[in-house]
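Peer 1: My questions will all concern the structure given below.
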Amino acid sequence: MKLTLKQKAFADYYIQTGNATEAAIKAGYSKKTAYSIGEQNLKKLEVKKYIDERLEQISSERIADAQEVMEYLTKIMRGQDVEEVIVVEGEGEGCSSARKMDKALNQKDRIKAAELIGKRYSMWTDKVEANVQQQVVFCDEKELED
């Protein structure tokens, strides 16, 4: 069974508001029956499935994955990104004006990005490899149970 246009609109408004009655009214249902229609729509499997799918899609669009984070950090480290700053300039006679300006990232930001990338790939940890070939002896070995 496919969703009707009203059911789809209801589901979309429900995602926005979290209120079934308000969503039903915005979707075009009667104000008198909005409460019961909203409740019924939330019980319908197709509507519920659509809401769950949309919430998952919205969540994945909003949350950066590891690939996106690494690409962003690399872009910063390489100086391929700029930040917007506000510059105030004097115009004389005690007046000044502000304007937005793009500024290259400073070395501190680029180094921090490089450090975070390095941590991700375990570049900065001291690795000690020990190959010990000795017999392990426990004190009071007789008291230990197998």
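Peer 1: For a quick check of your reading of the model, give me the residue pairs whose first member lies in the range 1-13 and is at negative phi, whose second is of a type in the set (Val, Ile, Thr) and surrounded by 14 or more Cβ atoms within 10 Å (Cβ to Cβ), with beta-carbon atoms closer than 8 Å and at least 6 apart or on different chains.
Peer 2: Listed by first residue and then by second, the contacts come to 3/47; 7/47; 10/37; 10/47; 11/47; 11/51.
Peer 1: Have a look at 54, 62 and point out the one that is within 30 Å of residue 7 (Cα to Cα), loosely packed, with under 10 Cβ neighbours inside 10 Å and of a type in the set (Lys, Arg). Lay out the reasoning, then the answer.
Peer 2: Values: 54 fails: loosely packed, with under 10 Cβ neighbours inside 10 Å.
Sole residue among the options that is within 30 Å of residue 7 (Cα to Cα), loosely packed, with under 10 Cβ neighbours inside 10 Å and of a type in the set (Lys, Arg): 62.
Peer 1: Follow-up. Over 27 Å from residue 119 (Cβ atoms) and under 27 Å from the mean Cα position of the chain (by Cα): does that describe residue 52? Show your work before the answer.
Peer 2: Values: over 27 Å from residue 119 (Cβ atoms): yes; under 27 Å from the mean Cα position of the chain (by Cα): yes.
Yes.
Peer 1: State which residue is farthest from residue 119 (Cα to Cα) when the search covers only the range 65-105 and only residues that are loosely packed, with under 10 Cβ neighbours inside 10 Å and of a type in the set (Lys, Arg).
Peer 2: 99
Peer 1: Among 127, 142, 108, which is the only one that is at pLDDT 90 or above, outside the structural domain of residue 13 (by TED's automatic domain parsing) and among the basic types (Lys, Arg)?
Peer 2: Selected residue: 108, the only one of 127, 142, 108 that is at pLDDT 90 or above, outside the structural domain of residue 13 (by TED's automatic domain parsing) and among the basic types (Lys, Arg).
Peer 1: Can you give me the number of residues within the range 87-110 that are free of Cβ contacts under 8 Å to residues at least 12 places away in the same chain and within 17 Å of residue 75 (Cβ to Cβ)? Before you say what the answer is, go through the steps one by one.
Peer 2: Taking the range 87-110 as the starting set, the residues that turn out to be free of Cβ contacts under 8 Å to residues at least 12 places away in the same chain are 88-97, 106-108.
With the extra rule that they be within 17 Å of residue 75 (Cβ to Cβ), the set shrinks to 106-108.
The number of residues fulfilling the criteria is 3.
The values are calculated or read from the model by the stated rules, or taken from the named source; none is laboratory data. Please read these numbers as outputs of a predicted model, since none were measured by experiment. Don't worry about glycine lacking a Cβ; one is built from the backbone with ideal geometry, like all the others, and counts go over all protein chains shown.
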